Structure formats: structure tokens, C-alpha cells
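What follows is a single structure, written as C-alpha cells, with notes after it.
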Amino acid sequence: MTLTGHRATSLGAAAIAYSLAHAYHGQPWLAAVLAIPGATAPDWLEIAWFKKGIRHSIIPHRTWTHWLLLWGALYSWALLSLQQHGWASALLGFVVGALVHLAMDLPNPSGIRFLHPFRQRVTLNWWRGDQMVWPMVWFSWLAGALSLHWAGVINLQPPLQVQAWLSQVLDLSLQRLRS
């Protein structure tokens, strides 16, 4: 995914981080704020520079910083530490941002590392990184909204009239399937 895409998905990551910290009695705003830089962290943590048009970095691209097992372990540690330590909300947010970054890189041909930081990458190979950026951004925002609903922060329940209409449509569909 492009840098612009990762920056845009950081809003969805912030909502997810806020929801988790809220649900597990952490500091939601701290988690949300740190999710924003976390969403681009797997790329900038490589400490890259360009010399004569060639990219160089201290950490090779898509190795340690794109390793799902590492970010998953940090996520578990932060979530388990949330009620005991104030810093855990910051770590949780940062890690949620990085995990959203990895989720957005997974459909690309280059993929992400799963079990080992230098072995074979896992990819869904659905499209190139510059394709489908905005649908993935919208998906991350929807995931963020659903997580806020799950945590009880917002209510996504449709109005009663829409619920009644959906119920009628479902009933009619089931009647036609039975006959």
C-alpha cells in the first residue's frame, strides 16, 4: 500500500485502538493518538534514505518491521498489561496501528513476514500496492466504526423504521425460500 493509504488507514487504526483501550480499561485517547504513527511505523522504523536514487536502510525492507509474530507478541503484552501500566495504552495504540499496516500490506504481492523475519513472505496476491488503496481505506474506517460500536462508544443501530423494513424483507425472503 502507498504511504498516503497507510496514513489514511491510521484513522481506522485509531478507532480500533480507542475501542480496545476503552473496553479493557486503559487510556483510550492515548491509544488512539499513538495508533496514528503506528500505522506507518513498519516502514519508517527501517530508517531508510536514498543515495543516487537507490533506497538504503538500516533494517532491510519488509523483514523485522513487517513480521506479524513480533507485532502480535507486542499486542498481547500491551493488552495484558493495560490495567497495570499506563504506558501499555500507548504501546497498544502503536501496535494496533502497525497491525493495521500489516493487514493493508497482506493483499500485495510482496506480502508480510509471518513466522520468521527473514523467511518466506505470506501474501494474498490480490493486487499491487498502488491498486485498491481507497477501498482498503474505507474498509479500515468501517472496521474502526464497528469496533467503536462493539466497545459501546457509538451506536450503529439503524433507526426503527429501517429495522422494520429489513425484518419484512428477511421474512419475505425466507417465505420464498420455503415455498
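Atom-type composition of the exposed protein surface of the chain places 67 percent of the accessible area on carbon and sulfur (1.4 angstrom probe).
Give the label of the value calculated from the structure for percent of Cα pairs over 20 Å apart, choosing from (1) 46; (2) 59; (3) 53. Step by step, percent of Cα pairs over 20 Å apart for this structure corresponds to label (2). A Gaussian network model of the chain, with springs between Cα atoms under 10 Å, assigns the largest mean-square fluctuation among Ser167, Ser19, Ser110 to Ser167. Per-residue ellipticity at 222 nm, computed for the chain from helices alone with -39500 (n - 2.57) per DSSP H run of at least four residues, works out to -19500 deg cm²/dmol.
For region 60-74, backbone phi angles converted through the Karplus equation (6.51, -1.76, 1.60; θ = phi - 60°) give residue-by-residue couplings of x, 4, 6, 10, 4, 6, 10, 9, 4, 4, 5, 5, x, 5, 5 Hz, Gly and Pro being listed as x.
For region 67-137, trypsin sites (Lys or Arg not before Pro) meeting the loop criterion (DSSP other than H, G, I, E, B) and having at most 15 other Cβ atoms within 10 Å: Arg119, Arg128.
Comparing mean-square fluctuations of Ile58, Ile16, Ile154 from a GNM of the chain with C-alpha springs under 10 Å, the top value falls on Ile58.
Given the options Leu160, Leu142, Leu80, state which has the largest fluctuation in a GNM of the chain using a 10 Å cut-off (strictly under) for Cα springs. So, out of Leu160, Leu142, Leu80, the one fluctuating most is Leu160. The chain: longest stretch without exposed chymotrypsin sites (Phe, Trp or Tyr not before Pro) (DSSP loop, at most 15 other Cβ within 10 Å), sites themselves excluded? By the stated rule (loop sites, at most 15 other Cβ atoms within 10 Å), 1-117.
Per residue, the chain exposes 60 Å² of solvent-accessible protein surface, assessed with a 1.4 angstrom probe and all protein chains in place. Tilt of helix 87-105 relative to the longest C-alpha principal axis of the chain, in degrees (0 to 90, nearest 10)? Helix 87-105 and the main axis of the chain meet at about 90 degrees. Counted residue by residue at 0.36 nm each, then reduced by the alpha carbon distance between them, the extension gain from Ser76 to Ser167 reaches 28.8 nm.
The values are calculated or read from the model by the stated rules, or taken from the named source; none is laboratory data. This structure is a prediction, so every number in the text was calculated from the model and none was measured. Every residue, glycine as well, gets a Cβ built from its backbone with ideal geometry; the counts of neighbours run over all protein chains shown. With ligands, DNA and RNA removed, areas are computed over all heavy atoms of the protein, side chains included. Shrake-Rupley method; radii C 1.70, N 1.55, O 1.52, S 1.80 Å.
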